[in-house]
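Notes follow once the structure below has been shown.
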């Protein structure tokens with residue numbers, strides 16, 4: 001009897017694996033098709049950015065894949081026009097602090113709403129969450145008037161504060177929902193050992209919350225990097241304009257120069273793609289960790 005069970009077990013396991021693989025195949029095919037559909041515009045933009053202007057007007061980008069008649073002069077022309085290289089650095093100077101500031105402030109606030117008891121804690125948290133439904137456009141004019149009174153519209157400080165203020169409700173909401181899933185016994189044990197709230201936050205909560213912190217950092221960085229509205233309003237100094245504003249000016253100056261526009265657009269999307277794919281593991285973990293716990 002033992003021999004029969006031993007011989008039957010591998011066949012049963014193999015059949016279960018085969019059934020599972022067949023049942024998951026349609027899902028995998030659908031995901032691959034969706035990924036290809038989303039990837040086609042990016043591939044077309046990349047191919048167009050390396051094509052010559054007469055070729056773009058004569059044929060579609062898919063026909064150029066077989067010809068392999070490409071050039072890198074489009075990128076050199078774009079970097080020389082409208083100070084695109086300086087605009088790339090300006091985008092970095094705007095995106096990095098505008099990501100770090102709401103991440104730090106939001107993490108501290110989320111820890112307070114999660115593990116520190118104070119009067120009207122839940123009421124204040126609900127009020128902050130309610131701010132997420134307020135359109136950003138409704139606050140642009142009052143904030144701009146305030147920044148002009150403070151004389152910070154000609155520096156990066158204004159755009160940093162604007163992105164930080166607009167991002168804080170979502171940061172607090174996302175991180176607080178993750179922090180409350182941490183083991184209570186771990187927090188209480190640290191308090192019994194005499195650790196202060198600041199030590200608990202820095203030594204216990206932050207190391208366990210790297211996926212959530214990375215998820216918000218990716219969200220915020222991509223949002224700030226691709227932002228045009230706030231950059232148009234809060235960046236008054238022409239020498240501090242980011243890539244999004246510079247490409248809009250490039251489009252108005254070279255309305256028919258599709259080879260330059262495609263090269264500039266791909267320069268704009270290159271860094272977000274690198275950030276997303278390099279931190280994809282943390283991004284997925286941050287989105288799923290709360291539900292798993």
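The values are calculated or read from the model by the stated rules, or taken from the named source; none is laboratory data. The structure presented is a predicted model; accordingly, all values stated were derived computationally and were not measured. Heads up, the Cβs are rebuilt from the backbone with ideal geometry, glycines too, and the neighbour counts pull from every protein chain shown.
Annotations
- Selected residue [assigned by TED's automatic domain parsing to the domain that holds residue 180 and at pLDDT below 85] from 123, 153: 153
- Residue 137 meets each of the listed conditions (1) surrounded by fewer than 20 Cβ atoms within 10 Å (Cβ to Cβ); (2) over 30 Å from residue 233 (Cα atoms) apart from (2).
- Comparison of 224, 205 shows that the only residue that is in contact (Cβ under 8 Å) with a residue 40 or more places away in the chain, closer than 30 Å to residue 152 by Cβ and crowded, with 17+ Cβ neighbours inside 10 Å is 224.
One line per residue, one yes/no per condition, for (1) touching a strand residue (DSSP E or B) at 6+ places or on another chain (Cβ under 9 Å); (2) within 27 Å of residue 237 (Cα to Cα); (3) part of a helix (DSSP H, G or I):
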| residue | (1), (2), (3) |
| --- | --- |
| 63 | no, no, yes |
| 70 | no, no, no |
| 78 | no, yes, yes |
| 85 | no, yes, yes |
| 89 | no, yes, yes |
| 92 | no, yes, yes |
| 97 | no, yes, yes |
| 101 | no, yes, yes |
| 111 | no, no, yes |
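- Flag if residue 250 is under 30 Å from residue 50 (Cα atoms), modelled with pLDDT under 80, surrounded by 19 or more Cβ atoms within 10 Å (Cβ to Cβ) and touching a helix residue (DSSP H, G or I) at 6+ places or on another chain (Cβ under 7 Å): yes
- Helices (runs of 4 or more DSSP H) (entirely within region 190-253) containing at least 1 residues that are over 17 Å from residue 103 (Cα atoms): 197-200, 229-234, 243-253
- The selection criterion, being buried (at least 19 other Cβ atoms within 10 Å of the Cβ) and either in a helix (DSSP H, G or I) or in contact (Cβ under 8 Å) with a residue 60 or more places away in the chain (or both), does not hold for residue 57.
- Residue 200 being crowded, with 16+ Cβ neighbours inside 10 Å, assigned by TED's automatic domain parsing to the domain that holds residue 94 and in contact (Cβ under 8 Å) with a residue 40 or more places away in the chain: yes
- Of the residues examined, residue 37 is not one that is in the same structural domain as residue 240 (by TED's automatic domain parsing), on the phi < 0 side of the Ramachandran plot and modelled with pLDDT of 85 or more.
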